[in-house]
Amino acid sequence: MELLLDDAGEAEVRRQWAELARLGLAAPRGETHRPHITVAVAREIWPRIDRALAGLEFAPLPVRLGGLLIFGARRPILVRSVIVTEELLDLHRRVDELVGPCPGMPANTRPGAWTPHVTLARRVTTEQLGAAVDAVATDHEFPAVVVGIRRWDGDARQEHVVVGGR
């Protein structure tokens with residue numbers, strides 16, 4: 001499950017993706033790759049979970065995208081952190097309560113272990129890392145608004161907006 005950003009937040013992340021792509025980095029591209037904050041992952045998400053999420057009390061949620069982080073060592077991923085607020089943690093907990101029974105949920109998406117972020121580039125080599133950081137590190141934190149929740153079906157390459165969105 002992914003939190004979708006408003007037009008301004010999405011445009012800023014896409015601008016950063018374009019900067020990184022110009023450097024030859026594996027930055028997400030295209031309309032199916034939307035800037036998002038992953039809140040839950042499961043091997044299978046049952047249709048009843050989509051229906052339960054559609055009934056989730058949801059209102060647009062202001063967030064701030066913050067500094068850069070690097071996940072992993074062998075195949076680093078460059079991400080922009082999302083500054084944690086009580087409201088964001090509450091939304092994450094409510095989504096986790098609904099998705100939690102689904103099979104194959106990794107521990108790092110569960111409450112207490114989740115690091116909210118927006119992915120900027122994958123498979124960044126150590127040789128590319130300095131240039132990648134330079135390309136987007138001068139950008140300061142910026143505001144965005146979470147406007148919806150979608151389920152991304154990676155196998156079918158389809159999105160299902162379950163609440164809010166556009």
**Item:** Residue order for Val145, Val79 - accessible surface, 1.4 angstrom probe, largest first
**Value:** Val145, Val79
**Asked** If you plug each phi of segment 113-124 into the Karplus form 6.51 cos²θ - 1.76 cosθ + 1.60 with θ = phi - 60°, what whole-Hz ³J(HN,Hα) values come out, in order, with x for Gly and Pro?
**Response** 10, 7, 10, x, 6, 10, 6, 9, 7, 10, 6, 7
**Asked** Can you tell which of His160, Ala132, Val146 lies farthest toward the positive end of the dipole of segment 105-166, using +1 and -1 charges on the Cβ of basic and acidic side chains (Lys, Arg; Asp, Glu)?
**Response** His160
**Message:** Rounded to the nearest percent, how much of the accessible area of segment 15-81 (1.4 Å probe, protein heavy atoms only) is carbon and sulfur?
**Reply:** 55
**Prompt:** Can you tell me the accessible area per residue over the chain, all protein chains present, probe 1.4 angstrom, in square angstrom?
**Reply:** 52
**Prompt:** Could you give the dipole magnitude of the chain about its Cα centre, charging the beta-carbon of Lys and Arg +1 and that of Asp and Glu -1, in debye to the nearest 20?
**Reply:** 520
**Message:** As I understand it, the dipole of segment 60-111 uses +1 on the Cβ of Lys and Arg and -1 on the Cβ of Asp and Glu, about the Cα centre. Which of Val95, Asn108, Val84 lies farthest toward its positive end?
**Reply:** Asn108
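Using helices alone, I'd like the mean residue ellipticity at 222 nm for the chain: each DSSP H run of four-plus residues gives -39500 (n - 2.57), total over residue count, nearest 500.
Values: 4 runs with 50 residues, N = 166.
Helix contribution divided over all residues of the chain: -9500 deg cm²/dmol.
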**Request:** Taking every pair of Cα atoms in segment 72-125, average 1/r, invert it to obtain the Kirkwood radius, and report Rg/Rh to two decimals.
**Result:** 1.03
**Prompt:** With the Cα gyration tensor of segment 119-166 giving a ≥ b ≥ c as the square roots of its eigenvalues, does the rule (a/c under 1.5 for rounded; else a/b larger than b/c for prolate; else oblate) give rounded, prolate or oblate?
**Reply:** oblate
**Asked** How much of the calculated P(r) for the chain lies past 20 Å, in percent of all Cα pairs?
**Response** 51
**Message:** To the nearest 20 Debye, how big is the dipole of segment 1-70 about its Cα centre, given +1 on the beta carbon of each Lys and Arg and -1 on that of each Asp and Glu?
**Reply:** 200
**For segment 117-166, size of Cβ-based charge dipole, Lys and Arg +1, Asp and Glu -1, in debye** = 280
**Asked** For the chain, what is the relative contact order in percent, using Cα pairs closer than 8 Å and at least 6 residues apart in sequence?
**Response** 37
**Message:** Need one value: the accessible area of Asp90 in square angstrom, 1.4 angstrom probe, rounded to the nearest 10.
**Reply:** 60
**Complete:** So the angle from the long Cα axis of helix 7-22 to the longest Cα principal axis of the chain, reported in degrees to the nearest 10, equals 40
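The values are calculated or read from the model by the stated rules, or taken from the named source; none is laboratory data. Given the structure is predicted, the values throughout are model-derived calculations rather than measurements. Neighbour counts are summed over all protein chains in view; Cβ atoms, including those assigned to glycine, are modelled from backbone coordinates with ideal geometry. For the accessible areas, the whole protein counts, side chains as well, though only heavy atoms, and no ligand, DNA or RNA atoms are used. Shrake-Rupley method; radii C 1.70, N 1.55, O 1.52, S 1.80 Å.
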